[in-house]
Amino acid sequence: MEPLAHRVRPTKLEEFVGQEEVLGKDKILYRTIKADRLTSLILWGPTGCGKTSIAKVISNTTKYKFIQLNAVTAGVTDIKKAAEEAKNMLLNPSGKCILFIDEIHRFNKLQQDALLPFVEDGTIILIGATTENPYFSVNKALISRSMVVKLKPLTYIDIFKILKNALANKDGLAKYSIKIEDETLLAIAKLSGGDVRTALNTLELAVLTTEMNSDGKIEITKEIAANCMGKKKTMFDQSGDSHYDNISAFIKSMRGSDPDATIFYLARAIDGGEDPVFLARRITIAASEDVGLANPNALVVATSAMQAVANVGMPEARIILAEAALYIALSKKSNCAYIAIDKALEDVSNKDTGEIPMHIRNAPAQEMSKLGYGVGYKYPHDYPKHQVEQQYLPDKMLGTKYFIKDDTIE
């Protein structure tokens, strides 16, 4: 028997729950599907948000031939075969087909390039589904010929509605005599982390593994549901977009001096299996880039934490990471060192900066002094307060300011 998630998948737009931002009645995707005027689409979103369900709705709505491939098992031959089927006017008078490719990001460059001429001439209307950022994982030429639709994780209210529908659906769980409170369904929805497939699988497993009670009903309690799901599903993939989004939020929270957000995103990264040494490196970078001269001790704390994390390992390293991250978040901030070095590097790379003044050049041999090397240099420690005015920048760079002291530096 097919999994519950497959059996209760919507077959028409009116049955689809969630994604109102793109599938609401006044939205372009809804109108496009309804009118069967599709252009190529890239459906981008996390697991279990409805990408395949949208493709299923399209397959039941369109007048065009619908072909489905999975990028894990398909190749160039399958693409060409789909195009040939589309062009067979005897079997397919429209001369077009809708080709749905699940996990299109798994296609390599050669395979994606093979799609291009058929998408270009209209033989194939492409619908690609991906959990990865298509702007990095999909051929730019395909992107330019497609409408990219960003889908969000379903809300727990959406998932609750889908679970209720599954209980009443004749192809779902309607044939079973099930007793389950709405509160339990809401708990499943919340624990699924926005993945409707996880929620449906949990509900089905609970039903199939629970014996009938004395009243002849399958009673699903919160405890049973929790055991069937296990740990709450985390919306984190350490190799995907959520990795970059989460680490960006973590860094910006430290920079923004928000200790609670800093700890939240750190916990999310740890729970998602992020490398603790990688996290320690990011904290160390923030110590220089964002705290800098406002509190130079931040770099000492961060580098010590990085060494300690590498030596201690998890789970205790979580405490070290938390201490260091919070220290960064709570420190005064200054990026003047970061700005200074980048400005100087830009000048060194792009300008004629002139020559180093002769009086501050090195003169390791006496003969070099005769050429002016080191001649006229004033040793600062010979002067009051160990300072003396003299030229240090090349003539062509005189007056240039790289370091601009801000009010956080004492």
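The values are calculated or read from the model by the stated rules, or taken from the named source; none is laboratory data. Note that the structure is predicted; figures quoted are calculated from it, not measured. We place every Cβ from the backbone using ideal geometry, glycine too, and count neighbours over all the protein chains shown. Just the protein is used for accessible areas: all its heavy atoms, side chains included, with ligands, DNA and RNA removed. Shrake-Rupley method; radii C 1.70, N 1.55, O 1.52, S 1.80 Å.
For the stretch 37-55, indicate whether the set of residues that are exposed (fewer than 14 other Cβ atoms within 10 Å of the Cβ) and touching a residue at least 24 places away in the same chain (Cβ under 8 Å) is non-empty. Yes, because at least one residue in the stretch 37-55 is exposed (fewer than 14 other Cβ atoms within 10 Å of the Cβ) and touching a residue at least 24 places away in the same chain (Cβ under 8 Å).
Residues that are among the aliphatic types (A, V, I, L, M), in contact with an Asp or Glu (Cβ under 8 Å, 6 or more places away or on another chain) and either farther than 30 Å from R255 by Cα or open to solvent by 40 Å² or more (accessible area, probe 1.4 Å) (or both) do occur in the stretch 372-390, at least one of them. If I filter the stretch 90-134 down to residues being touching a residue at least 60 places away in the same chain (Cβ under 8 Å) and open to solvent by 10 Å² or more (accessible area, probe 1.4 Å), which single residue comes out as nearest to T77 (Cα to Cα)? Filtering first and then ranking leaves V119. Applying the set (1) charged (D, E, K, R); (2) over 29 Å from D121 (Cα atoms); (3) modelled with pLDDT of 85 or more to D26 leaves exactly one unmet item: (3).
Out of the residues in the stretch 159-215 meeting the condition of being among the small types (G, A, S) and either more than 28 Å from the chain's Cα centre (by Cα) or open to solvent by 80 Å² or more (accessible area, probe 1.4 Å) (or both), tell me which one is farthest from M1 (Cα to Cα). Top of the filtered list is S214.
Checked against the criterion of being closer than 24 Å to S137 by Cβ and of a type in the set (D, E, K, R), the candidates K87, K56 yield just one match: K56.
If a residue must be over 10 Å from A322 (Cβ atoms) and either open to solvent by 40 Å² or more (accessible area, probe 1.4 Å) or among the small types (G, A, S) (or both), how many such residues does the stretch 262-278 contain? Counting residues in the stretch 262-278 that are over 10 Å from A322 (Cβ atoms) and either open to solvent by 40 Å² or more (accessible area, probe 1.4 Å) or among the small types (G, A, S) (or both) gives 10. Does S144 satisfy the condition of being under 30 Å from R106 (Cα atoms) and crowded, with 16+ Cβ neighbours inside 10 Å? When the stated conditions are applied, S144 does not pass them.
Of all residues in the stretch 338-359, those satisfying the criterion of being open to solvent by 30 Å² or more (accessible area, probe 1.4 Å) and either outside any helix (DSSP H, G or I) or touching a Leu at 6+ places or on another chain (Cβ under 6 Å) (or both) are K351, D352, T353, G354, E355, I356.
The conditions of being surrounded by 14 or more Cβ atoms within 10 Å (Cβ to Cβ), of a type in the set (A, V, I, L, M, F, W, C) and in contact with a His (Cβ under 8 Å, 6 or more places away or on another chain) are not met by A83.
Those strands (runs of 3 or more DSSP E) of the stretch 1-115 in which at least 1 residues are touching a Phe, Trp or Tyr at 6+ places or on another chain (Cβ under 6 Å), considering only elements entirely within it, cover 65-70, 97-102.
Among the candidates A249, A267, A329, A324, the residue that is without any contact (Cβ under 8 Å) to a residue 60 or more places away in the chain and more than 30 Å from H105 (Cα to Cα) is uniquely A324.
On inspection, F66 passes the criterion of being open to solvent by 10 Å² or more (accessible area, probe 1.4 Å) and not basic (K, R).
Here is a yes/no grid of residues against (1) in contact with an Asp or Glu (Cβ under 7 Å, 6 or more places away or on another chain); (2) buried (at least 18 other Cβ atoms within 10 Å of the Cβ); (3) modelled with pLDDT of 95 or more; (4) part of a helix (DSSP H, G or I):
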{"site": "T234", "(1), (2), (3), (4)": "yes, no, no, no"}
{"site": "H243", "(1), (2), (3), (4)": "yes, no, no, yes"}
{"site": "S248", "(1), (2), (3), (4)": "no, no, no, yes"}
{"site": "D260", "(1), (2), (3), (4)": "no, no, yes, yes"}
